[in-house]
Amino acid sequence: MNIIVVGNGKIGELLVQQLSKEGHDVVVVDSNAARIRSLEEKLDVSTVVGNGASIEILREAGAENGDILIAVSNSDEVNLLTALVAKKLGCEYTVARVRSPEYDREMNLLKTSFGINLSVNPEKTCAKEIFRLLQFPSFLTRNSFAGGRAEMVELIVPEEGKLTDRKLMDLAPLLDKKALICTIERGGEVLVPSGSTELRAGDKLAVAAATADLPFLLRRFGIPTLDVKQVMIVGGSATARYLATDLINAGLAVTIVESDREKCKALEDLLPKASIIHGDGSLQHLLAEEGIANMDAVVPLTGIDEENILISLYAHSVGTKKTITKVNRTEYLNLFGQEHLGAVVSPKSLTANEITRYTRAASQSREGSVETLHTIGGGAIEALGFTVPEEASFVNKPIMELPLKPSTLIASIVRNQKVIIPGGQDCLMRGDSIVVIASADRMISNFTDIFRERGGEA
């Protein structure tokens, strides 16, 4: 596909790397010549220096014959105008990053008026992800499929418990066909386990289950649950405002620590039920004075990854049971380990996954395109959601007989609103919603891509 990416910031660069790796013809537009030169040295992509909202610049980038334009500059207004101009020039699909809460409230009208096919709001997406994690604090990630009926969650095997030092084949009674352990991350490597694989303390598991069975899963695994009632947010960003609103509406007590006095005043007006503290959240003595040790959860949302990591490490050291750390530079994570940082969210990765999923679906003209895409195992593995097409081959055949590609796993099936954790004798049916686990290197776009020969023939 011919894809134009306007804006080469954090999200733009990650998108360009991913789309280029997937074999698309990518043109990058940015007004910063130095940033463009740096990108040219790293990747084999075309570049144009200039204002992405300019008709002349978009024509030079090929918008008239473009398949998708993705506007992810730092300005909402530039992104909206860029999408509008690209659509008028003839680009088939447009994606725009729109971050302002004011614009977000009018998004349906804006999408219609500006011809936007997909809008993304990294801050809002990040806040929703954190809110979902606080509902089940024992999980490191929660990824939804099939309209929220099925989930892929990640958790750490505790030092002692029902999972520790046990082989998967011995866990069948414990799982009771309600969950499937799909991958194990251990020592920086991601394993697709077999029945003889033994779990160890510290392993990170990716587990498929029905959303309704998540409480059952924790009880069966012997993992203690935490009832979160008090949350401290450090940093008064847009993500913090979205998150605090959701938490307050759910009946939780929220404390926000922000160093900018004007931001504090704005937060007090927007969130009258929250406790707003004016102060530097990177200072341990201030956090101690504001009761960080008594909080059920701490969520650092400053704009600096290093600060967020250090705040989470401090919260962990004083006994805070749950921390959720926002980072964009995920290379930091290997230095500390998630047992100390708790759950980690990356607005950049969440947004890139959403746009990548859309581009893969847009590249397919037939049924069975990818509907949901999440990365697990540090990005090495993809969990993808599909609907089995009406014309699909291999329906009504046991999964054990299907010619699936190596290291490809069908993790769950949703049929008639019921979630099935499949065994070898279960079959796929037309119209099923399924979750597939595969290596990220496969870059699967369609249901048929999971079989050894494209088109579903043995």
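Looking across segment 406-435, the residues that are in contact with a helix residue (DSSP H, G or I) (Cβ under 8 Å, 6 or more places away or on another chain), farther than 11 Å from Ala146 by Cβ and not in a loop (DSSP other than H, G, I, E, B) come down to Ile410, Cys427.
Among the residues of segment 62-71, none qualifies, meaning not one is among the hydrophobic types (A, V, I, L, M, F, W, C) and surrounded by fewer than 20 Cβ atoms within 10 Å (Cβ to Cβ).
For segment 88-142, which fully contained helices (runs of 4 or more DSSP H) count at least 2 residues that are farther than 24 Å from Glu382 by Cα? Steps first, answer last, please.
Details: elements: 101-105, 107-114, 122-135.
Correct list: 101-105, 107-114.
Does Gly379 satisfy the criteria of being closer than 21 Å to Thr183 by Cα, among the small types (Gly, Ala, Ser) and out of contact with any strand residue (DSSP E or B) (no Cβ under 7 Å at 6 or more places or on another chain)? Yes. Being at pLDDT 95 or above, at positive phi and not hydroxyl-bearing (Ser, Thr, Tyr) narrows it down to one of Gly337, Gly291, so name that one. Unique residue meeting the criteria: Gly291.
Any idea which of Asn108, Asn143 is surrounded by 20 or more Cβ atoms within 10 Å (Cβ to Cβ) and either modelled with pLDDT under 95 or under 22 Å from Thr323 (Cα atoms) (or both)? It would help to see each step written out before you state the result.
Details: Asn108 fails: surrounded by 20 or more Cβ atoms within 10 Å (Cβ to Cβ).
Exactly one residue qualifies, and that residue is Asn143.
I'd like to check something: does segment 211-218 contain any residue that is open to solvent by 10 Å² or more (accessible area, probe 1.4 Å), touching a strand residue (DSSP E or B) at 6+ places or on another chain (Cβ under 9 Å), among the small types (Gly, Ala, Ser) and not in a loop (DSSP other than H, G, I, E, B)? Yes; the residues of segment 211-218 include at least one that is open to solvent by 10 Å² or more (accessible area, probe 1.4 Å), touching a strand residue (DSSP E or B) at 6+ places or on another chain (Cβ under 9 Å), among the small types (Gly, Ala, Ser) and not in a loop (DSSP other than H, G, I, E, B).
Considering each residue of segment 257-295, count those that are surrounded by 16 or more Cβ atoms within 10 Å (Cβ to Cβ) and in contact with a Phe, Trp or Tyr (Cβ under 9 Å, 6 or more places away or on another chain), and give that number. Residues flagged as surrounded by 16 or more Cβ atoms within 10 Å (Cβ to Cβ) and in contact with a Phe, Trp or Tyr (Cβ under 9 Å, 6 or more places away or on another chain) within segment 257-295 amount to 2.
Looking across segment 425-458, the residues that are open to solvent by 70 Å² or more (accessible area, probe 1.4 Å) and at pLDDT 90 or above come down to Gln425, Met429, Arg430. Answer yes if at least one residue in segment 271-281 is in a helix (DSSP H, G or I) and within 19 Å of Glu123 (Cβ to Cβ), and no otherwise. No: segment 271-281 contains no residue that is in a helix (DSSP H, G or I) and within 19 Å of Glu123 (Cβ to Cβ). Scanning segment 63-87 for residues that are in a helix (DSSP H, G or I), touching a Ser or Thr at 6+ places or on another chain (Cβ under 9 Å) and β-branched (Val, Ile, Thr) yields Thr82, Val85.
Report, by residue number, each residue of segment 193-207 that is assigned to a loop (DSSP other than H, G, I, E, B) and in contact (Cβ under 8 Å) with a residue 60 or more places away in the chain.
Passing the criteria: only Gly202.
With the structure loaded, tell me whether Pro173 is open to solvent by 60 Å² or more (accessible area, probe 1.4 Å) and without any contact (Cβ under 8 Å) to a residue 60 or more places away in the chain or whether it fails that test. Reasoning before the result, please.
Working: open to solvent by 60 Å² or more (accessible area, probe 1.4 Å): yes; without any contact (Cβ under 8 Å) to a residue 60 or more places away in the chain: yes.
Here the answer is yes, as Pro173 does meet what is asked.
Residues that are modelled with pLDDT under 90 and not in a loop (DSSP other than H, G, I, E, B) within segment 377-402 comprise Gly377, Gly378, Gly379, listed in sequence order.
Going residue by residue through segment 47-55, is there one that turns out to be open to solvent by 40 Å² or more (accessible area, probe 1.4 Å), over 30 Å from Ile444 (Cβ atoms) and out of contact with any helix residue (DSSP H, G or I) (no Cβ under 9 Å at 6 or more places or on another chain)? Write out each step before concluding.
Let us first name the residues in segment 47-55 that are open to solvent by 40 Å² or more (accessible area, probe 1.4 Å), namely 49, 51, 55.
In the following step, the residues that additionally are over 30 Å from Ile444 (Cβ atoms) were identified as 49, 51, 55.
Checking the rest, the ones that are also out of contact with any helix residue (DSSP H, G or I) (no Cβ under 9 Å at 6 or more places or on another chain) come to none.
No, segment 47-55 has no match at all.
The values are calculated or read from the model by the stated rules, or taken from the named source; none is laboratory data. Bear in mind the structure is a predicted one, so any value in this text is a computation, not a measurement. Don't worry about glycine lacking a Cβ; one is built from the backbone with ideal geometry, like all the others, and counts go over all protein chains shown. For accessibility, only protein heavy atoms count, side chains too; no ligands or nucleic acids. Shrake-Rupley method; radii C 1.70, N 1.55, O 1.52, S 1.80 Å.
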